[in-house]
Amino acid sequence: MNAPLVAERDDLLDRHFPLDGLPIVIGRGFEVDVRLNDRWVSRRNCEIFFRDGAIHVRDLSSSNGTLLNDVHITEAQLRCGDKLTVGLSTFVISYAEDRARLLPTGSTLAKNAEFLERSDGTLIRKNRRPK
């Protein structure tokens with residue numbers, strides 16, 4: 001799947017976050033898939049996962065919550081054009097739902113990952129496809 005999450009913040013090192021290795025966790029802890037250096041983000045803030053042919057987001061009992069289109073959610077389906085807010089960062093869902101082909105890859109995500117870090121400590125994990 002081609003970059004379904006696009007960060008609205010220009011200061012992130014990489015504004016496009018591919019979700020072809022679901023599930024992924026967004027937070028500020030070192031063990032997450034997309035790390036945001038933001039005091040308003042919990043260590044494990046939310047999880048994006050694939051279920052019943054669609055992409056969903058689930059809040060992981062975070063302190064400040066997870067917002068979808070400016071509404072606090074516990075779990076919801078992500079649709080094209082939705083805005084997912086985690087702390088001070090907002091991501092736009094940009095995939096075509098009718099063409100979405102996601103395969104949960106689980107353990108292959110971790111071993112095929114590349115990490116990029118900005119000077120402010122924001123850590124981005126990008127997926128690499130095995131050769």
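The values are calculated or read from the model by the stated rules, or taken from the named source; none is laboratory data. Just so you know, these numbers come straight off a predicted model, no measurement behind them. When we count neighbours, we look across all protein chains shown, and the Cβ atoms used for this are built from the backbone with ideal geometry, even at glycine. With ligands, DNA and RNA removed, areas are computed over all heavy atoms of the protein, side chains included. Shrake-Rupley method; radii C 1.70, N 1.55, O 1.52, S 1.80 Å.
Remark: pairs (first residue in the stretch 58-75, hydroxyl-bearing (Ser, Thr, Tyr); second residue in a strand (DSSP E or B) and open to solvent by less than 40 Å² (accessible area, probe 1.4 Å); Cβ separation under 7 Å; 6+ apart in sequence or on different chains) = SER62/CYS46; THR66/CYS46; THR66/VAL57; THR66/ASP59; THR66/ILE73; THR66/VAL86; THR74/ASP59. Of the residues making up the stretch 5-45, those that are open to solvent by 80 Å² or more (accessible area, probe 1.4 Å) and at pLDDT below 90 are GLU8, ASP10, LEU13, ARG15, HIS16, ASN37. Checking each residue in the stretch 46-72 for being part of a loop (DSSP other than H, G, I, E, B), farther than 16 Å from VAL34 by Cβ and open to solvent by 30 Å² or more (accessible area, probe 1.4 Å) picks out ASP52, GLY53, SER61, SER63, ASN64, ASN69, ASP70. The residues listed here are THR85, THR90; of these, the one that is under 12 Å from the mean Cα position of the chain (by Cα) and without any contact (Cβ under 8 Å) to a residue 60 or more places away in the chain is THR85. For ALA110, work out the one condition from (1) in a strand (DSSP E or B); (2) at pLDDT below 90; (3) open to solvent by less than 70 Å² (accessible area, probe 1.4 Å) it doesn't fulfil. Unmet for ALA110, out of (1) in a strand (DSSP E or B); (2) at pLDDT below 90; (3) open to solvent by less than 70 Å² (accessible area, probe 1.4 Å): (1).
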